[in-house]
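Take a look at the structure below.
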Amino acid sequence: MLLDIITILSIGLISIGAIFLMISVFKALSIWRITPENIKKKWLILILLICFFCIGYFFVLCIIIFNISFPLIVIMGSVFFGGAMFVFIIISF
């Protein structure tokens, strides 16, 4: 499969974003370890949401790289829902 410049750019940006998210998981885990017990559950939920996003990033990468037919609206809905939950949890701290 011949990839055009937009596809290559998208793969690169998604890959870099996934790397930042994975680094964020490790940083969040180190914060979680020293967090007081009364807010550990909230941190764990945030970490799980970050992992959800990581899975989403890799899923989209597979769709692009292997040229898999998948409804874009499902991906968009998942991203918007996960982002909304993440923001809600952050401002509820």
Calculating Cα Rg over 2.2 N^0.38 Å from this structure picks out, from (i) 1.27; (ii) 1.21; (iii) 1.15, entry (i)
FRET efficiency for Ser15 and Ile91 from the Cβ-Cβ distance with R0 = 30 Å, rounded to 0.05, comes out at 0.55
Over the chain, average the accessible area per residue using a 1.4 Å probe and give it in Å², no decimals. 73 Å²
What nm value, rounded to one decimal, do you get for the distance between Thr35 and Ile5 when each label is placed 7 Å out toward the C-beta? 4.3 nm
Pair Cys51, Met22: separation of 7 Å Cα→Cβ label points (nm): 1.6 nm
Carbon + sulfur, % of accessible area of the chain - ligands and nucleic acids excluded, 1.4 Å: 80 percent
Zone residues, region 63-84, relative to Lys42, backbone N less than 18 Å from point 7 Å out along Cα-to-Cβ: 84
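The values are calculated or read from the model by the stated rules, or taken from the named source; none is laboratory data. Keep in mind it's a predicted model, so treat the numbers as computed, not measured. Here the Cβ is made from the backbone with ideal geometry for all residues, glycine too, and neighbour counts use every protein chain on show. SASA here: full protein model, heavy atoms, side chains in, ligands and nucleic acids out. Shrake-Rupley method; radii C 1.70, N 1.55, O 1.52, S 1.80 Å.
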